[in-house]
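S.K.: So that we are looking at the same thing, I have put the structure below in structure tokens.
Quick note: the coordinates plus some simple rules give every number you see, no bench work behind them. Quantities reported herein were computed from a predicted structural model and do not represent experimental measurements. Neighbour counts are summed over all protein chains in view; Cβ atoms, including those assigned to glycine, are modelled from backbone coordinates with ideal geometry.
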Amino acid sequence: MSIRRRDFLRLAVSASAAATVGACADEEESVQDPNTSDPDSASPDSATADAGVSEDLGIGTQDVEGAEPSEIYGPSWMHLVGTTAIVRLQTLGNRPGRLFYETADGEVEADVETDTRDLTYAWPPQGFDLIVDYPDLPGTYTVHTARVPVSATADTRWRFVEEGRAETTGVCPAVPAVGTGFRVGWVSDTMQPASTDVGRILGEATPTLWLHGGDIQYQSNPLDTWRGFFEAYQTSFRSSYVALAAGNHDYEQQEEFGAQYSRLFRGQFPDSQNDTYGSIRIGSVLFVMLNSEDDFREGDGTGAQFSWASQLLQEAAANPDIRQIIVGFHRPYYTFSNSQANLNTRAQWHPLFKQSGVSLILTGHNHCYERFDVDGMHYIVDGGGGALTYDVDDTRSFIVQNSPEDLPLRKVAERTHGVTTLDFAADGGLTVTRVNINGATTDSFTIPPRAV
């Protein structure tokens, strides 16, 4: 069977729960007790399609009937570790590459480390014959890693050269010092049909750093590939630092987590010695990214991640130079949409956030936007990164029965795709804005700097 992208989108919008290539949902449609349901499930179930999805959505720039491995070049991306940028590129084959960056004294060549591996990972699957722009193909791939010092006052341009291929360029943005404002972006659940449009909105926002809340791509959607994700967000990858949480769909079949997530993003959180959780400090702001798919769910407080986070947050709370503490992870602790929170671990982590002076918790997983105000903290669900959207009140009846105290806590809800931006002022004050895919403002509010 051969099917074109737009035909697939039309089928996906009208798919029933039994459709072979329907859009995926993360959990069962029936309401379940989150304390007894299987939290590790990453199997594709059905989801209610967004009534506003058009048949004429374009994804990527070209239709590739049978892409050859030689056509693959890239992608590139950057992580931030203190005042050092980790610049990474992936290429096909194992040829050496050279990376140069600009300084006040001229161009300098960085040391480049390489990690070459033979991958069997492929998507879409053989036999489906879906025509996609950027298929994941098996082969020999090399990740090139260079460490570039970055400035607090000026961007640092770099270029990567590999024999026989076009030059790749990027910019390490200046890392704001204490007393300097900057912007951060949040996206999550970047599935087609709308991931490319959300990527465009994020790129136009020009954040210094962007955070991904997990579910980078979905193997339950034949259109979603890792190459396609990097292509959709290429503007931000080459001009902003990125930190990526892990979602349940990042642990799917074909050894996906090791072949893609861990291989590509290793070392993004050196302070925890773990690729899936850690922190980033920019100026007076501490960002803490957690992994809700790991021992995050252990309610007894003995997990390695909880111990690490407890120490980090306690130290941050005692540091007068930190004026905002922002936490991000995949599965929400407050939501009325498709998947309920795990109330057991919410009872463990929420007090830690409160005691540590956390001001904002960013999550995804449910494909919509919600904001809850709880004990002086703001909990945001923004899983509107491109996947077909969810009803914002899908599990309200469950909330009414099991945690009615949550009902007055929700302040805003909208079933749209979009990007949440965080604008930090020089004094540490924060303005949070959510813009949907139509360009309208879903939500906007301010958070004063933490009292110290």
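S.K.: How much length, in nm to one decimal, is gained on full extension between D427 and A317, taken as 0.36 nm per residue of separation minus their Cα-Cα distance?
M.R.: Numbers: separation 110, 0.36 × 110 = 39.60 nm, distance 1.69 nm.
Extra length available between D427 and A317 comes to 37.9 nm.
S.K.: Hey, another quick one. Among 327-334, 72-79, 244-251, how do they line up from the highest to the lowest mean number of other beta-carbon atoms within 10 Å? Before the final figure, lay out each step's value.
M.R.: Details: 327-334: 26.5, 72-79: 20.5, 244-251: 24.5.
Answer by packing, highest mean first, reads 327-334, 244-251, 72-79.
S.K.: Moving to a separate point now. Does region 182-447 come out rounded, prolate or oblate by the C-alpha gyration tensor, with a ≥ b ≥ c the root eigenvalues, rounded set by a/c under 1.5 and, if not, prolate when a/b is larger than b/c and oblate if not?
M.R.: Numbers: a/c = 1.18, a/b = 1.10, b/c = 1.08.
Since a/c stays below 1.5, the shape of region 182-447 is classed as rounded.
S.K.: Taking the highest mean first, how do the peptides 162-175, 438-451 order by number of other beta carbon atoms within 10 angstrom per residue?
M.R.: Details: 162-175: 16.1, 438-451: 14.1.
In decreasing order of mean packing, 162-175, 438-451 become 162-175, 438-451.
S.K.: Shape of region 385-452 from its Cα gyration tensor (a ≥ b ≥ c, root eigenvalues): rounded if a/c is under 1.5, otherwise prolate when a/b > b/c, or oblate? Intermediate results must be reported in sequence, preceding the final value.
M.R.: Details: a/c = 3.38, a/b = 1.35, b/c = 2.50.
Oblate.
S.K.: Between R200 and N344, what is 0.36 nm times their sequence separation minus the Cα-Cα distance? Round to one decimal in nm. Don't skip to the answer; put the middle values down first.
M.R.: On the way: separation 144, 0.36 × 144 = 51.84 nm, distance 3.76 nm.
Between R200 and N344, full extension yields an extra 48.1 nm.
S.K.: Please list, in order along region 112-122, the HN-Hα scalar couplings obtained from phi with the Karplus expression 6.51 cos²θ - 1.76 cosθ + 1.60 (θ = phi - 60°), rounded to whole Hz, x for Gly and Pro.
M.R.: 10, 8, 10, 10, 9, 9, 8, 10, 9, 4, 8
S.K.: How much length would be gained if the chain were fully extended between F445 and R117, taking 0.36 nm per residue of separation minus their Cα-Cα distance, in nm to one decimal?
M.R.: Numbers: separation 328, 0.36 × 328 = 118.08 nm, distance 4.61 nm.
Value of the extension gain: 113.5 nm.
S.K.: If you take the charge dipole of region 134-215 about its Cα centre, with +1 on Lys and Arg Cβ and -1 on Asp and Glu Cβ, which of M191, T142, C172 is farthest toward its positive end?
M.R.: Towards the positive end, the residue furthest out is C172.
S.K.: So, one more: Mind checking the dipole of region 69-172: about its Cα centre, +1 per Lys or Arg Cβ, -1 per Asp or Glu Cβ, Debye to the nearest 20?
M.R.: Values: 8 positive and 16 negative charges, 30 e Å.
Charge dipole, region 69-172, about its Cα centre: 140 debye, nearest 20.
S.K.: Please report the net charge: other residues with Cβ closer than 9 Å to the Cβ of T433, K and R +1, D and E -1.
M.R.: On the way: positive: R434; negative: D423, D443.
In short, -1.
S.K.: Please work out the FRET efficiency for the pair S397 and V108, using the Cβ-Cβ distance as r and a Förster radius of 60 Å; give the result to the nearest 0.05.
M.R.: Numbers: r = 61 Å, r/R0 = 1.02.
That pair, S397 with V108, gives E of 0.45.
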